[in-house]
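Contents: one structure, followed by commentary.
Throughout, read-outs are computed from the coordinates displayed, never taken from laboratory work. Note that this is a predicted model, so its numbers are computed, not measured. Cβ atoms come from the backbone with ideal geometry, glycine included; neighbour counts cover every protein chain shown.
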């Protein structure tokens, strides 16, 4: 009981549910509620990542691949890159194709193709990200001014 509080305030304070803080909820680096990526991948995982995602940079895909490899579980991971900017700027075709490929993998056991995100030469190639990019659908840069579009639009996939 706090003498500075009224009886009603004390009663309210006693009724409040108390919970222990989740140590994963806030880190010194400012990231909150980020699921730990241990690499302990026990089921098929197919990721899709836009190369121009500034919210979750592409190198996070590479870090995930390293952690999965460190656990000896790379057989459960396929990663794909698409060419656009923005967070999860996928076309409906890219999303459906990726999901269908994942379902085929889980149900039929045929591991789908992916990008070699840990191969520096592959990632540096001017065509990296073209394999799984839908070149027929609208892209995020289509709505930009010509000046901005020139800054963010990658060379065309052939």
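Expressed as a whole percent, how much of the Cα-Cα distance distribution for the stretch 87-145 exceeds 18 Å? Kindly include the intermediate steps, with their values, before the conclusion.
Details: 864 of 1711 pairs.
Looking at the stretch 87-145, the distances longer than 18 Å represent 50 percent of pairs.
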* To do: Could you pull the Rg and Dmax for the stretch 38-152, using just the Cα atoms, both in Å?
  => 14.9, 47
* Asked: Roughly what would the spin-label model give for residue 131 and residue 104, points 7 Å off Cα along C-beta, in nm?
  -> 1.4
* Structure fact -> Measuring from the longest principal axis of the C-alpha atoms of the chain, the long axis of helix 92-108 (C-alpha) lies at a number of degrees, nearest 10, equal to 90
* To do: Counting only C-alpha contacts under 8 Å and six or more residues apart, can you give the relative contact order of the chain as a whole percent?
  => 21
* Structure fact -> the chain, Gaussian network, Cα under 10 Å: of 21, 122, 89, the residue fluctuating most is 21
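Order by neighbour count: 61, 9, 158, 94, fewest other Cβ atoms within 10 Å first, most last. Walk me through the numbers on the way to the answer.
Numbers: 61 23, 9 11, 158 7, 94 19.
The order, fewest Cβ neighbours first, is 158, 9, 94, 61.
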* Only residues of the stretch 37-53 count here: report those whose backbone N is under 18 Å from the spot 7 Å along Cα→Cβ of residue 113, or say none. => 46-49
* Asked: Fewest to most neighbouring Cβ within 10 Å: what's the order for 60, 1?
  -> 1, 60
* GNM flexibility winner over the chain from 48, 148, 14 (Cα, springs under 10 Å) -> 14
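Looking at the stretch 1-149, what % of its DSSP beta bridges pair antiparallel, to the nearest 5?
Numbers: 1 of 8 bridges.
Around 10 percent of the beta bridges assigned by DSSP in the stretch 1-149 are antiparallel ones.
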* Structure fact -> With label points set 7 Å from each Cα along the Cα-to-Cβ direction at residue 7 and residue 93, the distance between them in nm comes to 7.3
* For 96, 16, what ranking results if the residue with the fewest other Cβ atoms within 10 Å of its Cβ goes first? -> 16, 96
* To do: Find how much the distance from residue 38 to residue 147 grows on full extension, using 0.36 nm per residue of separation minus their present alpha carbon separation; answer in nm with one decimal.
  => 35.1 nm
* Asked: Quick one: helix 59-70 against the long Cα principal axis of the chain, what's the angle to the nearest 10°, folded into 0 to 90?
  -> 90
